[in-house]
Each structure stands twice: as structure tokens, then as C-alpha cells.
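Inspection log for the structure reproduced underneath, given as C-alpha cells.
The values are calculated or read from the model by the stated rules, or taken from the named source; none is laboratory data. What you see is a predicted model, and the numbers here were worked out from it, not measured in a lab. Note that we place each Cβ from the backbone using ideal geometry, even for glycine, and neighbour counts take in every protein chain shown. Ligands, DNA and RNA are stripped out before the accessible areas are found, and what is left, the full protein with its side chains, is counted by its heavy atoms. Shrake-Rupley method; radii C 1.70, N 1.55, O 1.52, S 1.80 Å.
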Amino acid sequence: MKKILIIFCLIFANTIVFGQEGRFTHRVFSNINTTSAIEFSQAVRIGDTEPTSLFLDFYEPANDDMARRPLVITVFGGAFIVGSRTEIDMVAYADSLSHYGYAVASIDYRLISILEATPSNMIRGAYMAAQDVNAAIRFFKANSAQYRIDTNQIFLLGNSAGSIASLYELYLDDN
């Protein structure tokens, strides 16, 4: 129920912001294009010394002529230990939102090995996930022309640990 409410609020907010009928409130695109495994960052995982690549899958309406589109970044759950950008719920969010006219990115973030899952590492894992969400935002801001993103309309949609990472990204500061 909470997921449906979040999606409803997201769609309702964009309807007000854009003032458009149809797009963002109804499925107006019958086909979407997906580009998989786009590298958006590299970062070091807990217990590693070398950086690992972080990837995203990008979903967009096919034949979309809107110059700058809102972007929804989806962040999967899994207690910072398991999960992936290709989880069934992340794919469903991306697919559905793209049919409504949004550009969507389903992203990876660094996971903690179950062998490294101590209380302090779990806190570090949440912080690192927030850093990875921030890296995805920076990627799209730097490449907004290529992906046709309105950098004033970037939204985060998280599930479980992905919600925590999204909130951390929004509210944590250097302190």
C-alpha cells in the first residue's frame, strides 16, 4: 500500500508541476526503450581495495519528443546485503513509470558481504549506498543533454534499504 501511495504522490506532484493532461497521469506510451548496464560510477566496497563498477539500467518512453523529462531513480532493497537493480519490483516500477512518460534509472549500489555485516558496517553500508545514489544523480546532471533529463525534476523511489539510502542522500550532510 505504501508503494502505491508513493507512486500516486509522485504522479500527482508532476501533474501539478507540469500542468499537462494525459502524460504523467495516464499510460500514454505503448512502448519503452531500455538500455542496460550503463556504468555510472566506480567505488570501493567494504573489505576490498580496488573499486568496483556500478551500473544502471535506463528506461525511457519510445518515440518521446519531450526535450527535458523528469527522472525517477529507483533504489532496490535488501538490507544493504542482497539485491540488484534488476529485482522484479524495480523493473516493474521502471516499466510502469516509463509508460507514463518518465525517464527511469534503476541503479546498483555497493553491497556488504554477509561476512562483513557488523552493526558498524551496516551503518557504513547505508552511508555508502547514499553516496552511490548521489553518484547516480551527479551522472545524470552531467549527462542531462544525452538522456534528456530535466535536472530540476529528479525523484528517488526506494524500497526498504533503498528508501533508507534515498533518505540519507537527501538529508545527511558532512557532519
remark   = Filtering region 94-145 down to residues that are in contact with a Pro (Cβ under 9 Å, 6 or more places away or on another chain) and in a helix (DSSP H, G or I) yields Ser98, His99
inquiry  = So, in region 146-170, exactly how many residues are open to solvent by less than 70 Å² (accessible area, probe 1.4 Å), within 15 Å of Phe58 (Cα to Cα) and assigned to a helix (DSSP H, G or I)?
reply    = 1
query = What are the residues in region 43-65 that are surrounded by fewer than 15 Cβ atoms within 10 Å (Cβ to Cβ) and part of a loop (DSSP other than H, G, I, E, B), if any?
reply = Gly47, Asp48, Thr49, Glu50, Ala62, Asn63, Asp65
message = Looking at Ser113, Ser106, Ser120 in this structure, which one is touching a Lys or Arg at 6+ places or on another chain (Cβ under 7 Å) and polar (S, T, N, Q)?
response = Ser106
